[in-house]
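Comments concern the structure below.
The values are calculated or read from the model by the stated rules, or taken from the named source; none is laboratory data. Computed from a predicted structure; not experimentally measured. As a convention, Cβ positions derive from the backbone with ideal geometry for all residues, glycine included, and neighbour counts pool all protein chains shown. These area figures cover heavy atoms from the full protein model, side chains too; ligands, DNA and RNA do not enter into them. Shrake-Rupley method; radii C 1.70, N 1.55, O 1.52, S 1.80 Å.
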Amino acid sequence: MTSSETPTQSYSEKWYWDDRYTNESEPFDWYQKYPSLAPLINLYVPHRNQRVLVVGCGNSAFSEGMVDDGYEDVVSIDISSVVIDTMVKKYSDRPQLKYLKMDVRDMKAFEDASFDAVIDKGTLDSILCGSNSRQYSTQMLEEVWRVLKDKGVYILITYGAPNYRFRLLDESCSWATKLHVIDKSLTDQPSETPKWELTKPLPLDAEGSSVESAIGKSPDVHYIYVCIKDESLKMEADAP
């Protein structure tokens, strides 16, 4: 790491993750673990035979949690060959779990409209930390849109508030978007009743002020954007 490069900026770099996963073997989940998000995943990916892509999987147990919950086809990708090699070996006896080294900005190995859902727990955030963040985040979102089937869902779990993330999502592709929130403290099975109902979308307006009025300023939450691919919206946007 150079003296001018902060750890946060390094989150977008392949060498950082290779080095991290070489030195850290214990599973780690960014933001939330599967049990806390399962009600929302089950709501938007209701059929266990739907094909799911988990981007920037790292050594998270999230994909394993999905398969334990009955999902039959979960593909996980990461830019780090170190972690992918580890995960391939770890789950060699579980054919429902597939691990591939791949850059989320260039997923040409996947055909158009080949997934029912894409789940992103911190990967877009990592890209936004680095250089050329706007260009690379747009490339990522366009690729996610491409590999999703029409009416497929991109479930983005992020620390990014609506006034930032909505603009980025709106400018990249044509999504019909819903917003949910989850307490940051609920990283595993909730031990108490959360302040906000996970499966109930928040009211939305263009500026995000309706969200603020619903949950207050600077809430201690992770934001979950459920972005539904809608090709009819794209056709409307492309129409002269």
Picking from ALA161, TRP145, LEU128, whose Cα lies most toward the positive end of the charge dipole for the chain (charges on Cβ: Lys, Arg +1; Asp, Glu -1)?
-> TRP145
As a percent rounded to 5, the proportion of antiparallel DSSP bridges among beta bridges in the chain is 45 percent
Take the cross-link list LYS108/LYS178; LYS101/LYS121; LYS101/LYS178; LYS151/LYS184 and give me the ones stretching past 19 Å between alpha-carbons.
-> LYS108/LYS178; LYS101/LYS178; LYS151/LYS184
Checking segment 60-129 for trypsin sites (Lys or Arg not before Pro) in a loop per DSSP with at most 14 other beta-carbon atoms within 10 Å yields LYS108
At a 1.4 Å probe radius, carbon and sulfur cover how many percent of the accessible area of segment 18-116?
-> 49 percent
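For segment 27-97, which chymotrypsin sites (Phe, Trp or Tyr not before Pro) pass both filters: DSSP loop (anything but H, G, I, E, B) and at most 14 other C-beta atoms within 10 Å? Spell out each step's value before the answer.
Details: sites: PHE28, TRP30, TYR31, TYR44, PHE62, TYR71, TYR91; in loops: PHE28, TRP30, TYR31, TYR71, TYR91.
The qualifying sites are PHE28.
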Could you name the aspartates and glutamates whose alpha carbon sits less than 17 Å from that of LYS195, not counting residues in the same chain fewer than 8 places away?
-> ASP183, GLU212, ASP220
Which GluC sites (Glu not before Pro) from segment 60-162 combine a DSSP loop assignment with at most 10 other Cβ atoms within 10 Å?
-> GLU111
All aspartates and glutamates inside 14 Å of LYS149 as judged from Cα atoms, apart from same-chain residues fewer than 8 positions distant = GLU111, ASP112, ASP116, ASP230, GLU231
